[in-house]
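These notes are about the structure you will find just below.
The values are calculated or read from the model by the stated rules, or taken from the named source; none is laboratory data. The model shown is predicted, which means the values in this text are computed figures rather than measured ones. All Cβ positions, even for glycine, are placed from backbone atoms using ideal geometry, and neighbour counts span all protein chains on display. SASA here: full protein model, heavy atoms, side chains in, ligands and nucleic acids out. Shrake-Rupley method; radii C 1.70, N 1.55, O 1.52, S 1.80 Å.
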Protein chains: 2
Amino acid sequence: MDPALESDVFARACTSRLVLQDVTGRWGALALGALHEGPARFNALRRRVDGVSEKMLAQTLQALERDGFVVRDVQGTIPPKVEYRLTPLGARLAEQLVALIELVEGSMGEVLAAQAAYDATRD
Amino acid sequence: MDPALESDVFARACTSRLVLQDVTGRWGALALGALHEGPARFNALRRRVDGVSEKMLAQTLQALERDGFVVRDVQGTIPPKVEYRLTPLGARLAEQLVALIELVEGSMGEVLAAQAAYDATRD
């Protein structure tokens, strides 16, 4: 990348917008959040990210691997053991993301009250 | 909300997962990021969030308003001036989100190198 160019997610053609979607998308955010708890095998991740299909989780992990956020670690045991873990860059992103997730989770009382008030004015 | 219950985005039926999607979704994240720069009118937001359609921006702002993150402020001028701004809760979320966006933008050199290396092993 030309270091003179700055990334800008607000520009529709900037690649960084796609990468932000990998990180914050429906399953990407939850996969990164789950891996923030530690390395995990595919099936453990699938249980943790409740509701994800096998196909969607595989696609999500592949996108995160391609972006350099996740490593697919094949251990030379028999049978081979495959584990997913965060790269240092992935860990930095996951940390920011988990802070955001925790803020959302901790705000749900306020959010539900706001939703009820909003819906009441629409009835 | 029953205060004894904890929100958990990893649980598929938890409302907090939907709210996380409002915050981090394709247009929600960019709308919150744009409003983090200050209150704005609809058309200014539409220019800032490059590529969003009128309909999608309206839906996005409505969801964020319902969640209590954004206020639609109608000023009693003639003609009325409508401005969108963050609530205190929305401002806290936007701050976390902008930190994540900046981390993504600042990592794009590393990400593009990782993508090129990944794609090279697939050729």
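Summary table
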| read-out | value |
| --- | --- |
| Restricting region A:93-109 to residues that are in contact with a Ser or Thr (Cβ under 8 Å, 6 or more places away or on another chain) and open to solvent by 10 Å² or more (accessible area, probe 1.4 Å), the residue that is nearest to A:Leu61 (Cα to Cα) | A:Glu105 |
| Filter result for A:Leu89 (open to solvent by less than 50 Å² (accessible area, probe 1.4 Å) and touching a residue at least 60 places away in the same chain (Cβ under 8 Å)) | no |
| Residue count for region B:74-109, restricted to those that are part of a helix (DSSP H, G or I) and either farther than 19 Å from A:Val19 by Cβ or within 7 Å of chain A (Cβ to nearest Cβ) (or both) | 18 |
| Subset of region A:12-34 [free of Cβ contacts under 8 Å to residues at least 24 places away in the same chain and either open to solvent by 10 Å² or more (accessible area, probe 1.4 Å) or within 14 Å of the chain's Cα centre (by Cα) (or both)] | A:Arg12, A:Ala13, A:Cys14, A:Thr15, A:Arg17, A:Leu18, A:Leu20, A:Gln21, A:Arg26, A:Leu30, A:Ala34 |
| Matching residues, region A:59-80, being open to solvent by 40 Å² or more (accessible area, probe 1.4 Å) and within 20 Å of A:Glu37 (Cβ to Cβ) | A:Glu65, A:Val71, A:Arg72, A:Asp73, A:Gln75 |
| Top-ranked residue in region A:110-121 [being over 13 Å from B:Thr15 (Cα atoms) and facing another protein chain (nearest Cβ under 9 Å); ranked as surrounded by the most Cβ atoms within 10 Å (Cβ to Cβ)] | A:Ala114 |
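The rows are residues; the columns are (1) in contact (Cβ under 8 Å) with a residue 24 or more places away in the chain; (2) more than 19 Å from B:Asp8 (Cα to Cα).
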{"residue": "A:His36", "(1), (2)": "yes, no"}
{"residue": "A:Leu45", "(1), (2)": "yes, no"}
{"residue": "A:Val49", "(1), (2)": "no, no"}
{"residue": "A:Val52", "(1), (2)": "yes, no"}
{"residue": "A:Ala58", "(1), (2)": "no, yes"}
{"residue": "A:Arg72", "(1), (2)": "no, yes"}
